[in-house]
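**Student:** So that we are looking at the same thing, I have put the structure below in structure tokens.
The values are calculated or read from the model by the stated rules, or taken from the named source; none is laboratory data. Remember, predicted model here, so these are calculated numbers, not experimental data. Ideal geometry is used to build each Cβ from the backbone, glycine not excepted, and the neighbour counts take in all protein chains shown.
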Amino acid sequence: MKDNVKPPIILTVICIAAALLLTFAHELTKENIAEQKAMRFNSSVEAIFGKTESTLIDDNFGNDAVQAIAVTSDGKTAIQVVADGYSKGGINILVGIDENGEVSGIEFVSLGETPGLGSKVRDN
């Protein structure tokens, strides 16, 4: 009986220790990850519109594909959209719309597609 109880207890202790370590690592790195995402978003907005100040709107207007919306002081809008390609959420782009409502540029924030197959979307 003792031999049947010992392995599940050891496995439970290992799982609890792993969960605690993962929680600690997440708490330690979540602010840095958020800063990196914000910096990548801002650099993508600057790549489309040039050096400008933008305000982030905290609403996706009911569309789950829209990740972020930024509006500049001169009326330009940047919309970050994540779409599925060959991988789920593999295409993360930023579409710039000028004050006349015309697309002024597209910037890839990240592309998690297979090199040589799904990544051709960037080339085309």
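**Student:** Does the range 2-24 contain at least one residue that is among the acidic types (Asp, Glu) and exposed (fewer than 10 other Cβ atoms within 10 Å of the Cβ)?
**Tutor:** Checked against the condition, which is being among the acidic types (Asp, Glu) and exposed (fewer than 10 other Cβ atoms within 10 Å of the Cβ), the range 2-24 yields at least one hit.
**Student:** Go through the residues of the range 47-70 one by one and say whether even a single one is surrounded by 10 or more Cβ atoms within 10 Å (Cβ to Cβ), touching a residue at least 24 places away in the same chain (Cβ under 8 Å) and of a type in the set (Ser, Thr, Tyr).
**Tutor:** yes
**Student:** Let me ask another. Residue by residue through the range 1-43, note down the ones that are among the small types (Gly, Ala, Ser), under 30 Å from residue 99 (Cα atoms) and modelled with pLDDT of 80 or more.
**Tutor:** 34, 43
**Student:** Can you tell me how many residues in the range 37-67 are under 16 Å from residue 92 (Cα atoms) and among the aromatic types (Phe, Trp, Tyr)?
**Tutor:** Residues in the range 37-67 being under 16 Å from residue 92 (Cα atoms) and among the aromatic types (Phe, Trp, Tyr): 1 in total.
**Student:** In the range 53-79, how many residues are more than 21 Å from residue 34 (Cα to Cα), part of a loop (DSSP other than H, G, I, E, B) and at pLDDT 75 or above?
**Tutor:** The number of residues fulfilling the criteria is 4.
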